[in-house]
Amino acid sequence: MIPRPGSTDLSANLAIDNKGMSELRQSARAGSPEALKAASTQFEAMFVNMMMKSMREATPQDGLTDSQQTRMFTTMLDQQTSQNIAKKGLGLADMLVRQLSKTLPAQETVGADPAMARALLEQAKLQRSIEASGGAAAIANAAPATDKPAHVRAFQDKLGSHAEEASRASGIPAKFMLGQAALETGWGRREIKGRDGTSSHNLFGIKAGPDWKGRVVETATTEYVHGQPQTRVDKFRAYDSYADSFKDYARMLTSNARYEKALAAANGRDAAGFAKGLQRAGYATDPNYASKLAGIIQRTLA
């Protein structure tokens with residue numbers, strides 16, 4: 001939470017709960033430009049933190065390394081990262097002040113000192129915005145996201161060109177394919193590997209059936225039977241490169257009639273329809289697969 005008014009550094013911590021919001025309101029009333037600036041920074045920090053939380057929720061949490069403890073440390077890291085990003089500034093606080101400046105009466109001044117009057121007026125504007133906004137969620141919904149987490153940018157930088165190439169050949173939007181690759185591999189953290197640790201370059205969890213003539217790797221996988229997860233060892237296709245993985249995935253979808261509805265939705269840039277079409281066609285057994293995939297595409301890769 002943020003320090004109480006009068007502290008030397010009001011932006012050192014992140015206001016994330018009701019008490020923190022109350023102290024944020026007190027900071028806006030503190031009577032100095034520094035307090036106004038610190039309170040504004042907190043708005044940006046809360047906005048960034050909620051964006052990161054939304055992206056985390058869109059990422060699968062069923063990996064072998066996931067636990068309550070790792071999620072706690074991840075939350076702490078996200079809060080610190082949010083604070084660091086907000087200190088650099090996203091422009092949210094400036095935008096808020098500019099918008100309010102257009103709506104409040106010009107004659108609203110305080111005291112005989114013009115500089116102090118302006119400072120107090122800006123604090124009053126921020127205070128009113130806090131009370132009228134309904135909390136940081138309303139501000140987050142009104143302001144556009146300007147950045148993505150580092151792991152998302154790294155994933156896109158690594159695989160984006162391969163996705164674009166496969167998109168030109170198949171018509172499937174690149175971000176739809178990137179979203180599914182992210183879901184299947186946990187943003188690259190859970191790639192399918194051989195016993196010697198080498199990557200299979202299999203980004204889409206495509207299994208090696210009787211018709212597959214290429215290399216294979218065997219690994220444990222989770223399948224849902226009657227809605228219940230079961231672990232089993234299965235064979236998966238192995239490729240020489242990530243580009244080959246994208247090409248084979250696009251080829252599989254465009255050459256199989258059961259994916260027609262998914263492809264039709266993809267052509268219409270309908271992420272939810274695409275995800276539902278894949279699940280209905282039997283691409284995955286996870287009952288929440290479609291919602292997870294649509295969430296990644298819409299919230300993280302938009």
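Results, tabulated for the structure shown:
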{"read-out": "Check on Asp157, modelled with pLDDT under 95 and charged (D, E, K, R)", "value": "no"}
{"read-out": "Flag if Gln180 is closer than 14 Å to Lys292 by Cα and polar (S, T, N, Q)", "value": "yes"}
{"read-out": "Unmet criterion (only one of (1) under 14 Å from Asn202 (Cα atoms); (2) in contact with a helix residue (DSSP H, G or I) (Cβ under 7 Å, 6 or more places away or on another chain)) for Thr185", "value": "(2)"}
{"read-out": "Flag for Arg195 being more than 25 Å from the chain's Cα centre (by Cα), of a type in the set (D, E, K, R) and surrounded by 16 or more Cβ atoms within 10 Å (Cβ to Cβ)", "value": "no"}
{"read-out": "Residue within the stretch 249-261 that is on the phi > 0 side of the Ramachandran plot and surrounded by fewer than 16 Cβ atoms within 10 Å (Cβ to Cβ) present", "value": "no"}
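Per-residue answers, yes or no, for (1) touching a residue at least 40 places away in the same chain (Cβ under 8 Å); (2) in the same structural domain as Asp286 (by TED's automatic domain parsing); (3) of a type in the set (Asp, Glu); (4) surrounded by fewer than 20 Cβ atoms within 10 Å (Cβ to Cβ):
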{"site": "Gln180", "(1), (2), (3), (4)": "yes, yes, no, no"}
{"site": "Gly186", "(1), (2), (3), (4)": "yes, yes, no, yes"}
{"site": "Glu191", "(1), (2), (3), (4)": "no, yes, yes, yes"}
{"site": "Asn202", "(1), (2), (3), (4)": "yes, yes, no, no"}
{"site": "Gly214", "(1), (2), (3), (4)": "no, yes, no, yes"}
{"site": "Glu218", "(1), (2), (3), (4)": "no, yes, yes, yes"}
{"site": "Tyr224", "(1), (2), (3), (4)": "yes, yes, no, yes"}
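The values are calculated or read from the model by the stated rules, or taken from the named source; none is laboratory data. All figures in this text were calculated on a predicted structure; none of them were measured in a lab. Cβ: placed from backbone, ideal geometry, glycine included. Neighbour counts: every protein chain shown.
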